[in-house]
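Structure record follows, encoded as structure tokens.
What follows draws every value from the coordinates through simple rules; no lab data is involved. Just so it is clear, the structure is predicted and the values come from calculations on it, not from any experiment. A quick note on method: Cβ atoms are made from the backbone with ideal geometry, for glycine too, and the neighbour counts reach across all protein chains shown.
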Amino acid sequence: MATASVAFKSREDRRKQKELDEARKAGLVPAEVDENGKEINPHIAKYLLSPPFYAKSEKPSLKHQKNWKTKPVSTKAYYDRGAKTYQAEKYRKGACQNCGAMTHDMKTCIERPRKVGAKYTNKNIAPDEKIESLEFDYDGKRDRWNGYDPSSYRHVRDLYEAKENARENYLKEQQLKKLEDNDATSDGEEEDLRVDESKQVDFAKVKKRVRTTDGGSTGTVRNLRIREDTAKYLLNLDVNSAYYDPKSRSMREDPLPDANPNEKFCLGDNQYRNSGQALEFKQLNMYSCEAFGKGQDIHMQAAPSQAELCYKRVKVTKEKLNNQIKDTIMAKYGNAAAKDDIPMELLLGQSERQVEYDRVGRRIIKSG
């Protein structure tokens with residue numbers, strides 16, 4: 001049986017419906033309301049709003065689009081490992097032929113295969129396992145530690161602690177034996193029994209491994225400071241002072257701009273980035289990028305030594321070229337700085353030379 005949504009419509013009705021949809025999309029007409037009184041977004045596709053023929057709905061709605069499946073109950077409980085429910089005294093029909101339990105068959109039996117099964121001996125019948133059916137949600141199914149008992153690892157920890165204690169006691173005994181032997185071999189003279197620090201055995205010493213393959217911390221340590229020095233953000237507690245980024249531990253501006261430069265401890269990260277070797281490295285990196293863009297086989301990260309050597313050669317060549325240009329200009333125009341007496345024409349900007357031009361634009365020089 002066809003519903004009203006798929007009933008036959010004339011051309012005039014379809015035109016009116018189309019105009020109504022356009023007005024709803026433009027916001028000129030209120031949105032359509034479903035069975036529950038909720039507004040329907042006019043921009044939703046029509047095939048999503050139209051219910052199927054088997055849905056008992058006369059109006060467009062999104063009720064048929066909802067998930068009708070029941071969600072599993074999330075629980076923190078887990079299967080009771082190794083729990084037994086009932087132990088029979090005789091073999092039962094349909095039980096495992098090997099051990100006699102009713103909860104599994106002979107193919108899935110995890111006991112050692114008996115020479116003569118429990119079906120024929122009626123002895124040592126294994127108890128039935130506890131079978132549970134638990135439903136987990138999305139996170140519960142993927143929780144790798146669900147059902148883990150931390151106390152099951154206690155015996156491993158106790159074993160390692162016992163080994164470590166025995167090792168420490170053994171090393172202490174060996175150290176005491178060495179000291180007693182040194183006392184016995186001495187001829188009554190006082191001997192320094194202090195143990196050398198380089199050879200001293202450090203009991204219960206914990207070493208932190210940094211950036212190693214055998215564990216420990218693998219992160220890089222950056223922007224460390226001496227603990228006696230004052231932190232950057234404590235130099236100036238004014239709210240409107242230089243901004244401090246706690247994540248990168250950087251303060252780009254000078255926290256004390258009005259203080260004496262000779263007494264400043266921190267000038268800001270921008271000052272350090274634009275001076276010293278940082279500026280040279282920036283120029284080297286800029287040169288390598290420009291050279292690579294012009295077709296040269298130079299890469300700062302792949303071959304830094306090659307890039308630095310090429311940059312030094314270019315600097316030397318550029319300096320020689322500048323000196324040649326300077327010598328050429330000085331040979332042609334002279335060096336005014338090297339002369340002792342400077343002409344009055346250059347000092348005062350005046351001379352008695354008269355310059356005239358004709359109608360064509362040619363210059364005529366006349367001396368007065």
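Built from the Cα atoms of the range 98-191, the convex hull projects on average onto 14.6 nm², one quarter of its surface area.
Largest first, the three principal axis extents of the alpha carbons in the range 72-144 are 47, 20, 18 Å in whole numbers. Taking 20 Å as the cut-off for C-alpha to C-alpha distance, list the pairs among LYS16/LYS63; LYS46/LYS66; LYS282/LYS320; LYS247/LYS282 that go past it. Result: LYS16/LYS63; LYS282/LYS320; LYS247/LYS282 exceed 20 Å.
With only alpha-carbon atoms in the gyration tensor, what are the semi-axes of the equivalent ellipsoid for the range 278-319, in Å, largest first?
14, 12, 10
Once the chain from GLU290 to ARG14 is taken as fully extended at 0.36 nm per residue, the excess over their C-alpha distance is 92.8 nm. Using only alpha carbon pairs under 8 Å that are at least six residues apart, calculate the relative contact order of the range 4-65 and give it in whole percent. With pairs under 8 Å counted, the relative contact order is 30 percent.
Projecting the Cα atoms of GLY117, THR103, TYR91 onto the charge dipole of the range 72-144, computed from C-beta unit charges around the Cα centre, puts GLY117 farthest toward the positive end.
Principal axis extents of the C-alpha atoms in the range 4-65 (largest first, rounded to whole Å): 31, 27, 17.
Listing CYS109, CYS96 from the residue with the fewest other Cβ atoms within 10 Å to the one with the most, what is the order?
On the way: CYS109 18, CYS96 24.
Ranking CYS109, CYS96 by Cβ neighbours within 10 Å, fewest first, gives CYS109, CYS96.
With a Cα cut-off of under 24 Å and a minimum spacing of 8 residues unless on different chains, the lysine pairs in the range 72-144 number 25.
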